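A quick write-up on the structure given underneath.
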Amino acid sequence: MATYTGGCHCGRIAYQVEGEIDQVLDCNCSLCAKRGGLLWFVPRSALTLKTPEGDYGTYHFNKHVIDHHFCPTCGISPFSEGKMPDGSPIACVNARCLDGVDPATLKIVPYDGRSR
């Protein structure tokens, strides 16, 4: 299992995440289309914050079930948190915010979030 580091542009939000990136989603919902993230879903337990938890802004929209976190200093959205249909906690990591990961090498799967 690989270990990645990542976070926002200014470093206020930093994390470590464990897992294998098999694919990332390119969602076209109203939020993702504007912020341009590539979404990698992992169990929440695979994501470890290296900076103070809660030292970020959180945005909710649509059904208000996903915590979309962003840095109040640089504006970058490095990860979100939510729950799977079975209730288990999940993290959605913006693969563009992972150190040393070239998005061009990832399997990118389009996701029609706009219709959901």
For this session: For the range 14-50, name all the residues that are over 17 Å from Phe61 (Cβ atoms), in contact with a Lys or Arg (Cβ under 9 Å, 6 or more places away or on another chain) and buried (at least 20 other Cβ atoms within 10 Å of the Cβ).
Result: Tyr15, Val24, Leu38
Exercise. Given the structure, is Thr73 at pLDDT 95 or above and exposed (fewer than 15 other Cβ atoms within 10 Å of the Cβ)?
Worked result: no
Exercise. Can you pull out the residues in the range 20-42 that are over 20 Å from Cys74 (Cα atoms) and either of a type in the set (Ser, Thr, Tyr) or in contact with a Cys (Cβ under 6 Å, 6 or more places away or on another chain) (or both)?
Worked result: Ser30, Phe41
Problem set entry | Cross-chain or 6+ apart pairs with Cβ under 6 Å, the range 1-29 first and over 11 Å from Cys97 (Cα atoms) and assigned to a loop (DSSP other than H, G, I, E, B), then among the basic types (Lys, Arg) and modelled with pLDDT under 95 | Asn28/Arg114; Cys29/Arg114
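The values are calculated or read from the model by the stated rules, or taken from the named source; none is laboratory data. Here the structure is a predicted model, which means the values were calculated and not measured. Note that each Cβ is placed from the backbone with ideal geometry, even for glycine, and that neighbours are counted across all protein chains shown.
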